[in-house]
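Written below as structure tokens is the structure these notes are about.
The values are calculated or read from the model by the stated rules, or taken from the named source; none is laboratory data. The model shown is predicted, which means the values in this text are computed figures rather than measured ones. Note that we place each Cβ from the backbone using ideal geometry, even for glycine, and neighbour counts take in every protein chain shown.
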Amino acid sequence: MDPLAPALSEFEEVLAKLASYLGAVERPEVDYPSKFAFVSARLHKLRPDPAKVNQFLSSLGPLKYLRNLRLEGAYLNADVDPAALARSLFDAVSAAGERYGFSERCRGGKVLIEHTSANPLHPLHVGHGRNAVLGDSLARLLRFCSAEVEVHFYVDDCGAQVMYAALGLAEVEGYVRSAVAKGAKPDLIAGYVYSVSTAIAEINRLKKAAEGAGEEKRREITAEIDEWLGVIKRHMDVEPDLVNALAERLGGRDLAAEAAELNRLYEAGDGEARRRVRAVVDLVLRGQRETLERLGISIDSWDYESELAVWSGAAARLVEELRRRWPQYVEDRGGALVFRADKFVDDFGLREELDLPKFIPPVTLTRSDGTTLYVTRDVAYALWQAGRGADEVVRVVSSEQTHEQAHVRIILWALGHRDAAKRVVHYSYEMVNMPGMKMSARRGQYVALDDILDEAAERSLQAVKEKDKESAAAIAEKVAVGAVRYFYLSASPRRPIDFKWDVVLNMRSNSGPFLQYTYVRAASILEKAGSARPKPAVPDKIEQEEASLVVKLAEWPRAVASAASDLRPDYIASYLNDLALLFNSWYEKYPVLKAEEPLRGFRLALVEAVRIVMKNGLWILGVPVLPKM
RNA sequence: GGACCCGUAGCUCAGCCUGGAUAGAGCGGCGGCCUGCGGAGCCGUAGGUCGUGGGUUCGCGGCGACAGCCGGCCCAGAAAUCCCACCGGGUCCGCCA
């Protein structure tokens, strides 16, 4: 139910009458500028004669929801009667109860959301945090809107990088397993193995490249080697035994060749290769899943690239199909197959239809050894996703992959899956930058999500009023989750954000903890008031601050619907912040519990509405709701 | 070299898709408010040539060679918002993922 609907439809009726009174064909659109707490329509296109409009206005009888209709400049304005609005608000809240906010304006349907999909090689870091929180809140938002949502995590367990980690782990598996048994976080320690193995492989490769290179080239290579030595050294400080063992057993081997061979075997489904690769992948996934759970994120389906794209034969089949359908666009370059997506898009004029960037590069489908590439496997995966019967497949993927995601849509189209190509959307978001630091998961150079949560929990513990140590820690943890999630959601996805501790750990206005605190206040008042509350009576005269609060609360279903249709959870964040500011101002000024009846009942009903909206909004953001803090 | 995203108060950001009335918050600054329903709060105040420079579009009637032109009417022929160029920041353009 939408409490604003009756007032707005009344206004529409007035506009329709006005239009016909003026003999106009077009009817002006209704604006709802919330900051003015009135409704408005631009009459510019009607070129009205003010005298005639005023004549019309004076001929109107009394209205139910609107007061003080007036022509201001070229605008027709009307105040919404706050008492009438309050009545429809209370009706809506009592009808919807705890689900207040859901309305018929919400989009429903079936949606598949893929998010996070981090490489199974290292812990989740601040960059993945944005993806995970965005994707999860999107899922919550649509679920709140009664959409049927499936959340998927794509496990990239193929490709060269995974193989280095697998080669490394094979040499130190006993050590790693016993460390994990003793409580080490599996993704963290597996991440060390990955970085160190990669570093050793890189150093070997670079040393070979240096032989026979010119003076200048050699200097460049030496600098690069030093950088990788630095990576090893940093890990040495944390895990000397592990690093020494890896250096001893991997040093001097041709890891690039071994990785390529392991990759080939893995794609072929060789038993031993599977065991070795999955050993490292599953170790990391265990850790990543723990971090996600800590953030309140659950995944419905973990989709392994190897199974869905490679072993099923889907990737190979689609390459063949592409070749058969479009031989003139598939080129053989020394055994590697290249699809001329650039030419294809030009020839078929797909730019607009598939919402593509202006520049599209050709795309390599297979290596010369016959193994597949990421994009090719991703097309197979997209095809699988599209086959699950969702109206829309939302892939939360960073803007870095704009071209790759465009390739996926183009190839789907080329394969004849034109409908799927349009249903698969790249939900793009910008990067999280660490000022003064180049993040690189390969080099083990990043700030892990776990570390941020730990730091935030420690910081918030100081402010927790609860005396009991254990429950205080539990509260601090939830405050930390709220702070971190809100940080990611308070910026528009299309804007790059800088990771700054003081912003993430902000616990004042415009933060997760601020909203949690506001909820606690509202809940605390209601608790003291007791449970028996009759239907509230709306007073004739409503204070200014009360009216603003009523309007904001009445807007909630529309805020939800527009966030859902634009796929913008950040709208919810800013709505809740506005609501909290309004509620806090009102709260300072007007007593609730000590007010006389019937005012007390009215104010309690407002507090109850705030509580429900805050609870639902916080749920959508994934910011934990606390009874006390 | 080409492409995409961003440039709004000292700092962080919303508004841009769908152009119109005083460009909204927060942080930080300054000055206030705790014998009060939870001060992780509230009130007040200062702070903006919306990166720079160009361009572009509105209603009605008549004519039309479909480029526009004429007429009166009107708060107004409206740009942070659309287009172009340039500048600054980020990202991508791989037999990586």
Next on the checklist: Anything in segment A:69-100 that is within 16 Å of RNA strand B (Cβ to nearest atom) and among the aliphatic types (A, V, I, L, M)? List them, or say none.
Outcome noted: A:Leu69, A:Leu71, A:Ala74, A:Leu76, A:Ala78, A:Val80
Checklist entry - Does segment A:425-459 hold any residues that are hydroxyl-bearing (Ser, Thr, Tyr) and either modelled with pLDDT under 90 or buried (at least 19 other Cβ atoms within 10 Å of the Cβ) (or both), and which are they? => result A:Tyr427, A:Tyr429, A:Ser440, A:Tyr446
Checklist outcome for this item: All-but-one check, A:Phe153 against (1) free of Cβ contacts under 8 Å to residues at least 12 places away in the same chain; (2) within 16 Å of RNA strand B (Cβ to nearest atom); (3) not in a helix (DSSP H, G or I), failing number (1)
Checklist entry - Taking only pairs six or more apart or across chains, which ones have beta-carbon atoms under 8 Å, a first residue in segment A:69-83 that is over 19 Å from A:Ala5 (Cβ atoms), and a second residue that is near RNA strand B (Cβ under 8 Å from one of its atoms) and of a type in the set (Lys, Arg)? => result A:Ala74/A:Arg42; A:Tyr75/A:Arg42
Checklist outcome for this item: Going through segment A:260-286 in order, the residues found to be small (Gly, Ala, Ser), surrounded by 13 or more Cβ atoms within 10 Å (Cβ to Cβ) and farther than 18 Å from A:Tyr194 by Cβ are A:Ala268
Next on the checklist: On the basis of being in a loop (DSSP other than H, G, I, E, B) and at pLDDT 80 or above, does A:Pro48 make the cut?
Outcome noted: no
Checklist entry - Quick one: is A:Asp498 in contact with a strand residue (DSSP E or B) (Cβ under 9 Å, 6 or more places away or on another chain) and either in contact (Cβ under 8 Å) with a residue 12 or more places away in the chain or assigned by TED's automatic domain parsing to the domain that holds A:Asn616 (or both)? => result yes
Checklist entry - Within segment A:371-405, restricting attention to residues that are more than 9 Å from RNA strand B (Cβ to nearest atom) and in a loop (DSSP other than H, G, I, E, B), which residue is surrounded by the most Cβ atoms within 10 Å (Cβ to Cβ)? => result A:Ala390
Next on the checklist: So in segment A:155-189, with the set limited to residues that are closer than 15 Å to A:His235 by Cα and under 26 Å from the mean Cα position of the chain (by Cα), which one is surrounded by the most Cβ atoms within 10 Å (Cβ to Cβ)?
Outcome noted: A:Asp187
Checklist entry - Which of the residues belonging to segment A:226-259 are under 35 Å from the mean Cα position of the chain (by Cα), surrounded by 16 or more Cβ atoms within 10 Å (Cβ to Cβ) and part of a helix (DSSP H, G or I)? => result A:Trp228, A:Val231, A:Ile232, A:Arg234, A:His235, A:Ala259
Item to check | For A:Val231: the one exception among (1) out of contact with any strand residue (DSSP E or B) (no Cβ under 9 Å at 6 or more places or on another chain); (2) hydrophobic (A, V, I, L, M, F, W, C); (3) at pLDDT below 95 | outcome: (1)
Next on the checklist: For segment A:529-538, check the following and say yes or no: at least one residue is within 9 Å of RNA strand B (Cβ to nearest atom), touching a residue at least 24 places away in the same chain (Cβ under 8 Å) and either surrounded by fewer than 22 Cβ atoms within 10 Å (Cβ to Cβ) or over 30 Å from A:Ala457 (Cα atoms) (or both).
Outcome noted: yes
Checklist entry - Give me the pairs: first residue in segment A:452-476 and over 18 Å from A:Leu292 (Cα atoms) and not assigned by TED's automatic domain parsing to the domain that holds A:Gly129, second residue among the charged types (D, E, K, R) and loosely packed, with under 15 Cβ neighbours inside 10 Å, beta-carbon distance under 7 Å, and six or more apart or on different chains, which are they? => result A:Glu466/A:Lys628
Checklist entry - If you check A:Asn263 against the conditions, is it at pLDDT 95 or above and of a type in the set (S, T, N, Q)? => result no
Checklist entry - Of the residues A:Leu621, A:Leu549, which is more than 10 Å from RNA strand B (Cβ to nearest atom), within 21 Å of the chain's Cα centre (by Cα) and aliphatic (A, V, I, L, M)? => result A:Leu621
Item to check | Of residues in segment A:460-498 being within 27 Å of A:Ile189 (Cα to Cα) and more than 10 Å from RNA strand B (Cβ to nearest atom), the one surrounded by the most Cβ atoms within 10 Å (Cβ to Cβ) | outcome: A:Tyr488
Checklist outcome for this item: When every residue in segment A:107-139 that is outside any helix (DSSP H, G or I) and of a type in the set (Val, Ile, Thr) is compared, the one nearest to RNA strand B (Cβ to nearest atom) is A:Thr116
Item to check | segment A:204-223 residues that are surrounded by 13 or more Cβ atoms within 10 Å (Cβ to Cβ), paired with ones that are in a loop (DSSP other than H, G, I, E, B) (beta carbon under 8 Å, 6 or more apart) | outcome: A:Asn204/A:Gly251; A:Asn204/A:Gly252; A:Asn204/A:Arg253; A:Asn204/A:Asp254; A:Ile221/A:Ala213
Item to check | Number of positions in segment A:576-618 that are buried (at least 21 other Cβ atoms within 10 Å of the Cβ), under 14 Å from A:Ser511 (Cα atoms) and within 12 Å of RNA strand B (Cβ to nearest atom) | outcome: 3
